[in-house]
Amino acid sequence: MYDRYISPLSERYASREMQYLFSAEKKFCTWRSLWIALAETEKELGLPITQEQIDELKEHRDEINFEVAKEREKLVRHDVMSHVYAYGVQCPKAKGIIHLGATSCYVGDNTDIILMAEALKLIRKKLINVLDELAKFADTWKAQPTLAFTHFQPAQPTTVGKRATLWMMELKLDLDDLDYVLGSLRLLGSKGTTGTQASFLELFDGDHEKCRLLDQKIAQKMGFSGCYPVSGQTYSRKVDSRVLSVLAGIAQSAHKFSNDIRLLQHLKEIEEPFEKTQIGSSAMAYKRNPMRSERMASLADYVMADMMNPMIVASTQWFERTLDDSANKRLSIPEGFLAVDGILDLYLNVVDGLVVYPKVIEKRLMAELPFMATENIMMDAVKAGGDRQELHERIRTLSMEAGRNVKEKGLDNNLLDLIAADPAFNLTKQELEATMDPARYTGRAKEQVEEFLAEVIRPILDANRDELGVKAEINV
């Protein structure tokens, strides 16, 4: 195994559960399930297929004879017909009716839809669990004032919990998109070589209603509400683009979160988990690099770039189908899912172990708060008899002086001392310090967290309570 390339998505990042969904075993067992559904439906609609043949197919559904199929494909250069042959070797009574009337896309495309649906459900489950962990974090820290930033410059204070709701809001939008796309997925069904169902119309002696019923019944047997009403030989490749768009959206949200955590870790306010034996740097033993968040960002870059693949494929298909989608789909769809699976495992792991340092947060906030409190200070001075226009100019001048002391001389922010020494304000240092309660400047941040959790997030978590409890395992 050490002398050939192995995808890092399998080796390092994606869960075994997601890897199985795109495994050869899962793929070819699904092909066989589709062949069984086709045979059963054709029997129900009057074709001469026996229950004995169907029972034989069911008996060997999960016993994929991979080597037989592999040797056959070397000879015929066709993966579907190789597996039809291999299945027939195991089912001699049924081999004549396997794949009856169908084209390769009957198993290929329907399986792709089935696997994408199952993979989206797994992504959804992990997304719900990330929201659950973020909700706990936001609730815990909903009232903790912290310096907010616009342009990464100090701005009006917010709270640690309110900042977490911004991460949650983006994931909630991703969940909305996921649910919409998942709910809209349909099977290709049995559409034939150009989508006209001509072969099935021939099988059913020109009975159009039976052709319609064939699609409906197969969809029901495979757990879908229906099939796409029209198609070429394949389902529209725009479906793949929509699915990858959902994955890329999750990647965007996760990347933004990972950026914030990395910046906060630089500020020493919040850190991602760091294990006792973890090494941060080969040269600098003291370092605690935000490895998990950086990996999230790195995988997210890959997924966002991967989004281009199905877009290009969908836009360049010719008429009823071309095969220039095949190799691309084998890579872009599974690897997009495996990467997002790894991203969400990292996201869950990071949020579950976030470490908050309130003293550092308070120190940085208090160093900037005098500047932000100047409006309140000015109002207090006006109440004490001052002139607002004169006070505004005085406080502007003193703020600039305090700023120079901090930036040019490396001194602490002495704005309060400067204001207290200015008779125009008629305020003592003690009176000024009384205005320095950070909670006075966080607006409705705490209340917004409570409202958001109660009105938006908790209904989602309550409706998906059976999905909760996932714990992420990080391989390396």
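The values are calculated or read from the model by the stated rules, or taken from the named source; none is laboratory data. Just so it is clear, the structure is predicted and the values come from calculations on it, not from any experiment. Don't worry about glycine lacking a Cβ; one is built from the backbone with ideal geometry, like all the others, and counts go over all protein chains shown.
Rundown of residues vs (1) of a type outside the set (D, E, K, R); (2) surrounded by fewer than 19 Cβ atoms within 10 Å (Cβ to Cβ); (3) in contact (Cβ under 8 Å) with a residue 24 or more places away in the chain, yes/no style:
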position	(1), (2), (3)
Arg12	no, yes, yes
Glu17	no, yes, yes
Phe22	yes, no, yes
Lys58	no, yes, no
Lys74	no, yes, no
Val89	yes, yes, yes
Tyr106	yes, no, yes
Ile113	yes, no, yes
Leu120	yes, no, yes
Worksheet item: So which of Val313, Val303, Val350, Val356 is in contact with a strand residue (DSSP E or B) (Cβ under 7 Å, 6 or more places away or on another chain), at pLDDT 95 or above and of a type outside the set (Lys, Arg)?
Response: Val356
Discussion item. When you scan the stretch 423-436, do you find a residue that is surrounded by 12 or more Cβ atoms within 10 Å (Cβ to Cβ) and within 45 Å of the chain's Cα centre (by Cα), even just one?
Written reply: yes
Worksheet item: Of all residues in the stretch 306-333, which are in contact with a helix residue (DSSP H, G or I) (Cβ under 8 Å, 6 or more places away or on another chain) and within 19 Å of Ser15 (Cα to Cα)?
Response: Leu331, Ser332, Ile333
Response to the item:
Of the candidates Asp412, Asp341, Asp422, the one satisfying the condition of being in a helix (DSSP H, G or I) and among the acidic types (Asp, Glu) is Asp341
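Of everything in the stretch 1-58 that's part of a helix (DSSP H, G or I), of a type in the set (Phe, Trp, Tyr) and out of contact with any His (no Cβ under 7 Å at 6 or more places or on another chain), which residue is modelled with the lowest pLDDT? Can you show your working first?
If we filter the stretch 1-58 for residues that are part of a helix (DSSP H, G or I), which is where we start, we get 8-13, 16-21, 24-44, 51-58.
Filter once more, so that each one left must be of a type in the set (Phe, Trp, Tyr): 13, 20, 28, 31, 35.
Those left that are additionally out of contact with any His (no Cβ under 7 Å at 6 or more places or on another chain): 13, 20.
On the way: Tyr13: 94, Tyr20: 97.
Per the stated criteria, the residue is Tyr13.
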Practice prompt. Could you tell me whether Asn129 is assigned by TED's automatic domain parsing to the domain that holds Arg330 and farther than 30 Å from Asp260 by Cα?
Written response: no
